[in-house]
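In what follows, a single structure is set out as structure tokens and then discussed.
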Amino acid sequence: SWYTINGNFARVEYQNPNLAVADSILHIAERVLPRLANLHGLPLRQLEKHQVRIILTDAPDISNGMAFGKSVLIYAQSSMYMPGWTGPHTWYETVVTHELALYVTFLKIRRKFNLFGEAANLSVPRWFYEGVAQYFAENWNTCRGDIYIKNAVLSGQLNYSSLEDINDGRLLYASGHAFI
């Protein structure tokens, strides 16, 4: 059985006993979304019109969250790696902000139809999306940035294909963040 709590810009779907976590995530979303919209030049009325659906699940996953379409998925059980990643911010603050930054970026640059009714050909590389999300969600730090970039440069692994390789997400996120 799923429950929903609503805000102005987001709604969180959750299962018991995760009400406290869902409420915290909704509070973060309601505070962060107007800032992200402003930084992207997106009118708040568009966020109200396209309220983000946040799904909170207690299934374990190392990714901690993902954004897709009009939804964001957040895992209630944080990755064992997370304490070294977030610096002074809480896990939820960092992950929720990152995923919402992706959502707002998707809204802002989604394909629009041209005069002939065809979708404009717009290809956005993954490193760009993830770099924008990292930039808006986190401060640059050694654990999430420097160490991966330096190792990749010294080992000759920093190349364009590595920027799109989700199998080495640490390098993808760090290099995207560095470029943005």
inquiry  = I'd like the full set of residues that are over 19 Å from VAL95 (Cα atoms), open to solvent by 30 Å² or more (accessible area, probe 1.4 Å) and in contact (Cβ under 8 Å) with a residue 40 or more places away in the chain, limited to the stretch 32-44.
reply    = GLY41
key: Failed item, numbered, when ARG111 is tested on (1) at pLDDT below 90; (2) charged (D, E, K, R); (3) in a helix (DSSP H, G or I)   = (3)
task = Tell me which residues, restricted to the stretch 125-180, are assigned to a helix (DSSP H, G or I) and in contact with a Lys or Arg (Cβ under 6 Å, 6 or more places away or on another chain).
result = TYR148
message = Given the condition open to solvent by 60 Å² or more (accessible area, probe 1.4 Å) and assigned to a loop (DSSP other than H, G, I, E, B), answer yes or no: does some residue in the stretch 17-31 qualify?
response = yes
task = Kindly list the number of the only condition in (1) assigned to a helix (DSSP H, G or I); (2) touching a residue at least 40 places away in the same chain (Cβ under 8 Å) that fails for GLU13.
result = (1)
note = Restricting the stretch 135-158 to residues that are within 19 Å of ALA101 (Cα to Cα) and free of Cβ contacts under 8 Å to residues at least 40 places away in the same chain, the one most open to solvent (accessible area, probe 1.4 Å) turns out to be TRP140
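The values are calculated or read from the model by the stated rules, or taken from the named source; none is laboratory data. What you see is a predicted model, and the numbers here were worked out from it, not measured in a lab. Virtual Cβ from ideal backbone geometry, glycine too; neighbours counted across all protein chains shown. Accessible surface areas use protein heavy atoms only, side chains included; no ligands, DNA or RNA. Shrake-Rupley method; radii C 1.70, N 1.55, O 1.52, S 1.80 Å.
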